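The structure appears right after this line, and notes come after that.
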Amino acid sequence: MIPALILGVALTILAYVATTQDVLEEGRDKRRVGAYAAIAGFLLFGVIQFRDGPFIRPHPAFWRLVLGINLLYELALAFLLFQDLDSARGMMKYIDPSLGRPLPEKSYAENCEFNLRNVWDAIDIFCLAHALGWFGKAMILRDYWFCWSIHCSINWQILQSVGGITYVDFAVQNVAANVLNA
C-alpha cells in the first residue's frame, strides 16, 4: 500500500510540474527538465521495485537507489559507446560546459629533483583520484594483499609499458610505480 501511495504522490508531482512548466521556452530547457523527470521516475521505480541487496544499513531503499543510479550510469555509458566522437563530446558538454577546451600542458618528467616544491607541484586532480580509488578499493576489499595484487597485476604493468611509449610522463609514473611496489 505504501509503495503505491509513494508512486501516486510522485506521479502527481511529476504531472503538476509537467503541466505548469509552460513558461519555459521551447528547446533545451524542456529537454533538460524532461530528462530529469525521466531519471527521477526511473529512480523512484527502482527504489520501490528493485530487490533488496545484501546491505541493510542505513536502509534497503537507499541501496536500491544506489543500484538505480549505477544502472542509469551504465546505460549512459552504453549509449555513449555507440556515438561518434564529436557527438559524444558534444553531449558531455551538457554535463560540464567547460569541456572541449584544451588543458594546460603539465610535464611531470622535466625536473626530477626530489624536494618538497617539486612534489607539491606534481600533485593534481589525478593524485586525488588515485588516492580515492585506493581508498575505495580498500574499503570494498578490506585486504591489504588483495589490494596490492590488483594494482600490481600483469595487465596494469602492460598498460603502463605501452602508455610509456607514447607519453613520457606515463613512463616516469611506470618507473615510480614499479619502485614503490617492489
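With +1 on each Lys and Arg Cβ and -1 on each Asp and Glu Cβ, how big is the dipole of the stretch 2-95 about its Cα centre, in debye rounded to the nearest 20?
Working: 9 positive and 8 negative charges, 56 e Å.
The dipole magnitude comes to about 260 debye.
From the Cα gyration tensor of the stretch 32-152, with a ≥ b ≥ c the square roots of its eigenvalues, which class applies: rounded if a/c is under 1.5, or else prolate if a/b is larger than b/c, or else oblate? It would help to have the intermediate numbers written out before the result.
On the way: a/c = 2.77, a/b = 1.34, b/c = 2.06.
Note, shape of the stretch 32-152 comes out oblate.
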| request: Indicate the gyration tensor shape class of the stretch 2-95 (rounded, prolate or oblate), computed on the Cα atoms with a ≥ b ≥ c the square roots of the eigenvalues: a/c under 1.5 is rounded; otherwise a/b larger than b/c is prolate and the rest oblate. | output: oblate
| note | The simple spin-label model distance between Glu105 and Arg51, using points 7 Å out along Cα→Cβ, in nm, is 5.4 nm
| task | For a footprinting-style exposure proxy, rank Arg31, Arg57 by other Cβ within 10 Å, fewest first. | result | Arg57, Arg31
| request: Would you kindly derive the ³J(HN,Hα) couplings of the stretch 45-58 from the backbone phi angles with the Karplus curve 6.51 cos²θ - 1.76 cosθ + 1.60 (θ = phi - 60°), listing them in order in whole Hz, with x for Gly and Pro? | output: 4, x, 4, 7, 9, 5, 6, 5, x, x, 9, 10, 9, x
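All of the numbers you see were taken from the coordinates with simple rules; none came from a lab. Bear in mind the structure is a predicted one, so any value in this text is a computation, not a measurement. Backbone-built Cβ (ideal geometry, glycine too); neighbour counts: all protein chains shown.
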